[in-house]
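The values are calculated or read from the model by the stated rules, or taken from the named source; none is laboratory data. Since we're looking at a predicted model, the values are computed, not measured. Ideal geometry is used to build each Cβ from the backbone, glycine not excepted, and the neighbour counts take in all protein chains shown.
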2 protein chains.
Amino acid sequence: MKLKVRLYDVDASEPRVVIRGDDCRELGVKQMDRVRLDAKTSQVIVVAISDSLVKKGEILIPKAIISKIGAEVGKEIEVVYSPKPESVRSIRKKMDSVKLTRDEINEIVFDILDGKLSKIEISAWLTALQINGMDTEEIAFFTQSMVNTGEKITFDRTPVFDFHSLGGVPGNKITPVVVAIVASAGLMIPKTSSRAISSACGTSDFVEVFCNVELKASELKKISEKIGGVMAWGGSMNIAPVDDMVIDIEYPLGINPRAQMLASILSKKLAISATHLLVDIPMGTGTKVKTLEEAREYARDLMELGTLLGIRTECAITYGDQPVGNAIGPALEARECIKILEGNAHPASVVEKACDLAGMILEMGGIPDGPTKAREILSSGQALAKFRQIVEAQGGKKDLTSDDIVLGNFMHEVRAVRSGYVHHIKNKDLVTIARAAGAPSDKGAGILLFRKKGQRAEKGEMLFQIYADNQAKADRARDLAIKLEPMDIEGMLIKKVPNPSALKSI
Amino acid sequence: MKLKVRLYDVDASEPRVVIRGDDCRELGVKQMDRVRLDAKTSQVIVVAISDSLVKKGEILIPKAIISKIGAEVGKEIEVVYSPKPESVRSIRKKMDSVKLTRDEINEIVFDILDGKLSKIEISAWLTALQINGMDTEEIAFFTQSMVNTGEKITFDRTPVFDFHSLGGVPGNKITPVVVAIVASAGLMIPKTSSRAISSACGTSDFVEVFCNVELKASELKKISEKIGGVMAWGGSMNIAPVDDMVIDIEYPLGINPRAQMLASILSKKLAISATHLLVDIPMGTGTKVKTLEEAREYARDLMELGTLLGIRTECAITYGDQPVGNAIGPALEARECIKILEGNAHPASVVEKACDLAGMILEMGGIPDGPTKAREILSSGQALAKFRQIVEAQGGKKDLTSDDIVLGNFMHEVRAVRSGYVHHIKNKDLVTIARAAGAPSDKGAGILLFRKKGQRAEKGEMLFQIYADNQAKADRARDLAIKLEPMDIEGMLIKKVPNPSALKSI
């Protein structure tokens, strides 16, 4: 059927055209069916909207598709029905809990990448994955397909070490310390990290406070090979790009299917040619992994999957019941992290976690007595020197110190309204407050904890400070802190005390 | 946060606004998150598109929402983050196979109706239903919620009889015959039917060949109470409207979760106050229900559900391995159906099915020996008279006869290329061919079968005719028939023979 091309001036995330309802009937297509244009394009998804937007005999086509197929606005184009891609059938198989083949999984992954699957179909796929899951072999195929959607980076050196945290615990700023220690020991660790999705601060969010994290693949390769370590944002390279497309659908559903999560982690490691991988699994009430049993299951899956993919994988189950260290938010975490590299022994939880994990990587690299060696490298100043080399290579300040980090100018103090012990800290509420203060996009925003679990606070003593880059957000975060009470002190409420602007709200 | 209103000139099926990525970060919302506008609207879904469509500090809002909230283009509006509706949490519960409460189900149904759930979320809901299902009590709650989304019709008379076919078998034109017999016997049967979604011809598609099916609720009530029967299109009344919104998502996924299907059927019956219901369950390789076991399960579910909802429900499992009768397509089915009412004994399969099912309804209404009584009503001409009364009441021709029905002007014959027995007829392929010929929107289009299963055809004898309203579609359908071979004759191919325009394609 011939239809006249008109411009569809919308930046839709799916390739879709608009045709009137009666023309659709004529074509034999229904809403969300697919058509081909001029018999030379791949499929596009139809959305049929009668009357209001499009006239009879016309078709609205987004600009990107018009230029891709070389169509001309105002001219006629041949439009034909095109059946659903085979991958829709594979999605239905997964709904029936059938094991998928390598080819079926590969087709789904590439159809998502190419925009051949609609959001409705991707949502059904993720829901089926969430409910019916995949076995390890399927996840391995899935991982390889995801790697193949993007760029692969190979190095002149081998082995290639890598490190990943499942996340979910606030204040987990150990990555630069781990990278600096491992690289100081002569092992190469081209570490890519992510930005926060729903957390207060991802590794890349605080590293970019003091250096550039948006590296090209060639820069990542060069710095890693020369200095031994790098701290890049994974998103700036075209690594497993299909992952981000999927996250956009997972997020509104609030799900993260285990198969997808594992394939997502491993695909990024496979793409940078990792041969050895350590995975940190924070465990605790406020994190993704709630129980030891669940953590062990993740560890088993990851190690089995690593074996299938040729990556020697070890796991560390770590304490995630409360934030790691005292700082939450980009500048605050950057400062705390650099202080530790400068030799500061506090917060001990950060030093300990970083050295223990770095130590495990050293041992994977054949260096005996890893944790002790890691502590030596840190206390000797070697790690700081290596860290500064990396920062400089990534365009940061030469001889960076923790004093170079600027915190937010607006601060509220939150103090104990009675004496007692902190017996619970709610990770999620701290994240909500830090985000209300502006983190992660406002670099100065966040929370600095003065008490951790089990510590005593006398009435009127500081529990935490809220930092922000402007007054409105500082106030908003403080109001939330009063409402949410993120720290339980013997079951009593927390209220803010001495800030004048807060008097009205108490 | 204040943003300047601009018109979003798109007829989106979800209420969505467009905000730039950086403004979204400022607001703390992500793509597919929700916002409230001016604190007085219900939620709308955000889609964040940076740069191309919208400027910093601006928000694109669809016309419908602008007028609903009384906003003004060019003026500022307060935009605030709004959390996901509770129903998203209930959808996740269903993913975890948790039984939902009446309130949770009701919330999901009304959030779909009100556009508060995105297509991604509805897709996840349907996928979870497809995989994890619902128990009968949940389906009963679901059905009641669906009824409450639309109009309810009550009658001055009771009992109210109804009839439904699960469908999936082509040529199932028994409804007018059943309605006419039942109404002739003095029982009231206000029958609503559907149009084809993926089939070649729904009941409403062929009934509207000879009378108006788009009745208002008041007309349906009046005609039913006066004449005893009606043959209306359910879609023209506002009955359980949420069902259609869901079908739009089911269709691209190619799924029809049992819970949704059962709730969909029963909600339409409950909405027209049915007290007695007969469900036809066609069973066979080409239909929705493949095995006797599956059919019995549907029957059990329907009867149990009927009991919970206060509708006395009986089921008939019928033969669906091949088309019912010989005609497929609107005009062809209309003609075959009227011929039977006029006393034609052929095709016997249609007469038999219609009388047996009508007989079951008569017995539900306390009339003994139903099938015999039904045959008497049909052969005496009472059913024809009643049918004509209904047709006239629905604006059709007075004293309608089968000769009034006009078939398509373009016809191809398909003949046997060798002698043998028809040992298989593929329902789905016949549907595909009939749709290619233009059915159901081209009223004259369809297929007329000259052989059914088990019958012998000598080489060169007619197997079926293809009708169409124009030459191109007739040719397209014939080409498909040659390709698909919908009838197996001792395993040999079928080819079209004597049409001159086809010479080039043989």
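A compact table of results
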item	result
Any chance A:Glu314 is more than 19 Å from A:Gly202 (Cα to Cα) and not in a helix (DSSP H, G or I)	yes
Residue ID - nearest to B:Ala196 (Cα to Cα), chosen from residues in the stretch B:213-245 that are part of a helix (DSSP H, G or I) and of a type in the set (Val, Ile, Thr)	B:Val242
Selected residue [more than 21 Å from the chain's Cα centre (by Cα), of a type in the set (A, V, I, L, M) and over 19 Å from B:Gly168 (Cα atoms)] from B:Leu270, B:Leu308	B:Leu308
Close pairs (8 angstrom Cβ cut-off, 6 or more residues apart or separate chains): within 11 Å of another protein chain (Cβ to nearest Cβ) and under 20 Å from A:Leu113 (Cβ atoms) in the stretch A:241-259, hydroxyl-bearing (Ser, Thr, Tyr) and surrounded by fewer than 22 Cβ atoms within 10 Å (Cβ to Cβ) anywhere	A:Asp248/A:Ser13; A:Tyr251/A:Ser198
Strands (runs of 3 or more DSSP E) completely within the stretch B:390-475 that count 1 or more residues being acidic (Asp, Glu)	B:410-415
Where a residue in the stretch A:65-91 is farther than 21 Å from B:Asn256 by Cβ and its partner, wherever it lies, is of a type in the set (Val, Ile, Thr) and assigned to a loop (DSSP other than H, G, I, E, B), with Cβ under 8 Å and at least six apart	A:Ile65/A:Thr41; A:Ile66/A:Val73; A:Lys68/A:Thr41; A:Ile69/A:Thr41; A:Tyr81/A:Val29
Conditions (1) away from every other protein chain (no Cβ under 13 Å); (2) modelled with pLDDT of 95 or more; (3) buried (at least 19 other Cβ atoms within 10 Å of the Cβ); number of the one not met by B:Thr127	(1)
Verdict on A:Lys398 being surrounded by fewer than 22 Cβ atoms within 10 Å (Cβ to Cβ), closer than 30 Å to A:Ala183 by Cα and of a type outside the set (Gly, Ala, Ser)	yes
Test: residue in the stretch A:90-101 that is part of a helix (DSSP H, G or I), within 11 Å of chain B (Cβ to nearest Cβ) and not hydrophobic (A, V, I, L, M, F, W, C)	yes
Those residues of the stretch A:417-471 which are in contact with a strand residue (DSSP E or B) (Cβ under 8 Å, 6 or more places away or on another chain), of a type in the set (Ser, Thr, Tyr) and surrounded by fewer than 23 Cβ atoms within 10 Å (Cβ to Cβ), in sequence order	A:Ser419, A:Tyr421
Test: residue in the stretch B:66-82 that is surrounded by fewer than 18 Cβ atoms within 10 Å (Cβ to Cβ), modelled with pLDDT under 80 and of a type in the set (Gly, Ala, Ser)	no
Subset of the stretch B:121-172 [among the acidic types (Asp, Glu), in a loop (DSSP other than H, G, I, E, B) and within 22 Å of the chain's Cα centre (by Cα)]	B:Glu151
Test for A:Ile281: is it at pLDDT below 90, among the aliphatic types (A, V, I, L, M) and touching a helix residue (DSSP H, G or I) at 6+ places or on another chain (Cβ under 6 Å)	no
Which numbered condition B:Ile197 misses (of (1) part of a helix (DSSP H, G or I); (2) modelled with pLDDT under 90; (3) among the aliphatic types (A, V, I, L, M))	(1)
Residue match in the stretch A:8-31 (condition: more than 12 Å from every other protein chain (Cβ to nearest Cβ), within 34 Å of the chain's Cα centre (by Cα) and modelled with pLDDT of 80 or more)	yes
Filter pass, A:Ile108 being surrounded by 23 or more Cβ atoms within 10 Å (Cβ to Cβ), in contact (Cβ under 8 Å) with a residue 12 or more places away in the chain and more than 8 Å from chain B (Cβ to nearest Cβ)	yes
Residue in the stretch A:114-124 that is surrounded by the most Cβ atoms within 10 Å (Cβ to Cβ), counting only those that are within 7 Å of chain B (Cβ to nearest Cβ) and among the aliphatic types (A, V, I, L, M)	A:Ala124
Counted residues, the stretch A:268-305 - those being assigned to a loop (DSSP other than H, G, I, E, B) and either surrounded by fewer than 20 Cβ atoms within 10 Å (Cβ to Cβ) or without any contact (Cβ under 8 Å) to a residue 40 or more places away in the chain (or both)	7
Per-region count, the stretch B:330-355, residues modelled with pLDDT under 95 and farther than 15 Å from B:Tyr319 by Cβ	4
Of all residues in the stretch B:345-357 being closer than 22 Å to B:Arg195 by Cα and among the aliphatic types (A, V, I, L, M), the one that is surrounded by the most Cβ atoms within 10 Å (Cβ to Cβ)	B:Ala354
Unmet criterion (only one of (1) at pLDDT below 90; (2) within 30 Å of A:Lys221 (Cβ to Cβ); (3) among the β-branched types (Val, Ile, Thr)) for A:Ile105	(1)
Filter pass, A:Ile265 being touching a Phe, Trp or Tyr at 6+ places or on another chain (Cβ under 8 Å) and part of a helix (DSSP H, G or I)	no
Qualifying positions in the stretch A:415-446 - among the aliphatic types (A, V, I, L, M) and within 14 Å of chain B (Cβ to nearest Cβ)	A:Val431, A:Ile433, A:Ala434, A:Ala436, A:Ala437, A:Ala439, A:Ala445
Some residue of the stretch B:375-384 being farther than 18 Å from B:His164 by Cβ, assigned to a loop (DSSP other than H, G, I, E, B), of a type in the set (S, T, N, Q) and at pLDDT below 95	no
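Yes/no matrix, rows are residues, columns are (1) under 22 Å from B:Arg195 (Cα atoms); (2) in contact with a strand residue (DSSP E or B) (Cβ under 6 Å, 6 or more places away or on another chain):
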{"site": "B:Arg300", "(1), (2)": "no, no"}
{"site": "B:Leu305", "(1), (2)": "no, no"}
{"site": "B:Gly310", "(1), (2)": "no, no"}
{"site": "B:Thr313", "(1), (2)": "no, yes"}
{"site": "B:Val324", "(1), (2)": "yes, no"}
{"site": "B:Gly329", "(1), (2)": "yes, yes"}
{"site": "B:Leu332", "(1), (2)": "yes, yes"}
{"site": "B:Glu336", "(1), (2)": "yes, yes"}
{"site": "B:Gly343", "(1), (2)": "no, no"}
